[in-house]
1. Could you tell me which numbered condition ASN53 fails, if it satisfies all but one of (1) within 13 Å of the ligand (Cβ to nearest atom); (2) at pLDDT 75 or above; (3) within 18 Å of the chain's Cα centre (by Cα)?
2. Can you tell me which residue is nearest to the ligand (Cβ to nearest atom) among those in the range 91-111 that are surrounded by 16 or more Cβ atoms within 10 Å (Cβ to Cβ) and in a loop (DSSP other than H, G, I, E, B)?
3. Kindly check whether there is at least one residue in the range 70-87 that is more than 16 Å from the ligand (Cβ to nearest atom) and modelled with pLDDT of 90 or more.
Amino acid sequence: MKRIIGLGLVVLVVAAIGIVVRGVTRGPGNNSPSSAEIALEDFRFVPNQLVANVGVPMTVRLTNRGLERHDINFPSLHMPGLKGVESILEPGETRTITLQFDSPGTHTFICSLPGHAAAGMTGAVLVRP
Ligand SMILES: [Cu+2]
């Protein structure tokens with residue numbers, strides 16, 4: 001019985017060390033706001049893959065480099081800080097938005113104008129825990 005308790009303690013200690021190490025390797029840099037740029041073209045996002053960390057605000061500068069109107073829309077998300085994200089950008093227009101994700105995983109985004117996603121205007125943000 002004593003042995004089992006001892007083993008349990010070792011497991012707990014190892015788990016605690018794992019958490020501490022992860023905290024250190026993340027470092028303060030990963031918790032400060034990050035930034036990215038996406039060009040909206042006819043009909044693609046460049047780039048169409050971004051990486052973010054859960055709970056860390058990321059500013060994204062959007063520029064419409066196409067001849068059509070475009071937007072950026074995260075269909076599956078309920079998250080704060082999305083105000084204005086879906087608004088339409090006219091050709092040549094630039095806008096900076098702030099994204100903050102509450103959950104890890106791959107969050108896809110699309111241009112929601114008719115036919116644009118089908119034509120290839122899709123992308124994803126990989127959100128790390
Ligand atoms: Cu579009």
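1. (1)
2. Top of the filtered list is CYS111.
3. Within the range 70-87, none of the residues are more than 16 Å from the ligand (Cβ to nearest atom) and modelled with pLDDT of 90 or more.
The values are calculated or read from the model by the stated rules, or taken from the named source; none is laboratory data. Keep in mind the model is a prediction, meaning the values are calculated, not measured. Using ideal geometry, Cβ is built from the backbone for each residue, glycine included, and neighbour counts are taken over all protein chains shown.
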